[in-house]
Amino acid sequence: MTTHQFSYGGKSLPVTVLGLGPMGQALAGAFLDSGHPTTVWNRTPGKADSLAARGAARAGSVAEAVAAGPLTVVCVIDYEAVHAIVDSAADALRGRTLVNLTADSPDQARAMAAWAAAHGIDYLDGAITTPTNTIGGPHAAILYSGPDDVYATHRTALTALGGTGVHLGTDPGRAAAYDVALLDIFWTTMSGVVHAFALARAEGIDPTALAPFAQAGMGALPGIVGGYADRIAAGEHPGDRSSILSASAGMEHVVRTARARGIDTEVLGAARDIVRRAVDDGHGGEGFSRMSELLMNDLPIRRPGKLSRVH
């Protein structure tokens, strides 16, 4: 670990926050509320006004901001933006800790960790899995990955962000891997939600009339997710309750109805086509959880002009 042994006479650890979009402002506000001397920087200085009014120190440059204490937290749109901010301040960050709460891919996280190591910067990658309004409260959920000792050093300060902080291990890409998997669930689900409302409206159904039935149906999802996880972990996919074949039929009903009403079916149509191929390959009688393995290893993926398999 390269972090300097800073001492503040028992006072709360000074923290720097880079990037003051909605999430960055929430993070800085949570540190302020917990009594941490907080320095902030944003490319557009005016975004720091409300935090400065609450006691945050406004830095004139990134280097000045990170020099204010041993812990810097950055949260911006992607890792390209992170590099645009911190690359010029690498010397100032040397011997300090950078916690990157920006969402991006696991490979980007690992590359960022390698960059930090090359510059003598302790590094934690993280993923915020709850909205801005949860930050600082009991329902916040933040995942971290990176060296155990770096997380242990700053764990107390990071509790200011509220809720549950979970360290997933030393692989710097692990938090991002969890994040993209969870985002996969969320955005695939939300795509289905807006498509369902479009289909309902085309049939003259008021969205507010459909919503209670949709909410009741989605209430079963936590149990389904847990059950599928168990089946996938065990490699067992019984189709006694619901099979890939029946899923294919259900998807076809939706696609046919939507097309008849002139509604785009590209998303569900693509999913239906993959399920059909699983049936054609002889997996129709298995449970739908089997699709997770087929997507990884066995299922032919047809692209324009060629046939390939996922590896």
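Every read-out reported here was derived from the displayed coordinates using simple, explicitly stated rules and does not represent laboratory data. Predicted model, so just to flag it, every value in this text is computed and none were measured. So basically every Cβ, Gly included, is an ideal-geometry build from the backbone, and we count neighbours across all protein chains shown.
Tell me, 142, 232 in order of fewest to most beta-carbon neighbours within 10 Å?
Fewest to most other Cβ atoms nearby, the residues stand as 232, 142.
Which order, highest average first, do 197-207, 173-183, 99-109 follow once you tally other Cβ atoms within 10 Å for each residue and take the mean per peptide?
On the way: 197-207: 13.1, 173-183: 18.9, 99-109: 22.5.
Going from most to least packed, we get 99-109, 173-183, 197-207.
Could I get the Rg over Rh figure for segment 1-127? Both from C-alpha atoms, Rh via Kirkwood, rounded to two places.
Details: Rg = 13.5 Å, Rh = 14.4 Å.
Here Rg/Rh amounts to 0.94.
Could you tell me the ratio Rg/Rh of segment 178-309? Both radii from Cα atoms, Rh via Kirkwood.
When Rh is taken as the Kirkwood radius, the ratio is 0.98.
Within the chain, which DSSP H helices have Cα atoms that stretch 27 Å or more along the helix axis and a mean Kyte-Doolittle hydropathy of at least 0.0?
Working: long enough: 174-202 (42 Å, 0.91).
Long hydrophobic helices here: 174-202.
Under unit Cβ charges (Lys, Arg +1; Asp, Glu -1), what dipole magnitude, rounded to 20 debye, does segment 93-210 have relative to its Cα centre?
Computed charge dipole of segment 93-210: roughly 280 debye.
Residue 146: net charge of surrounding residues, Cβ under 10 Å, Lys/Arg +1, Asp/Glu -1, itself excluded?
Local charge sum for residue 146: -4.
Please state the charge dipole magnitude for the chain, taken about the Cα centre, from unit charges on C-beta atoms (+1 on K and R, -1 on D and E), reported in debye and rounded to the nearest 20. Mind dumping the intermediate values first?
Details: 24 positive and 30 negative charges, 87 e Å.
For this selection, approximately 420 debye.
From the P(r) of the chain, could you give the percentage of C-alpha pairs in the tail past 24 Å?
It works out to 62 percent of all Cα pairs.
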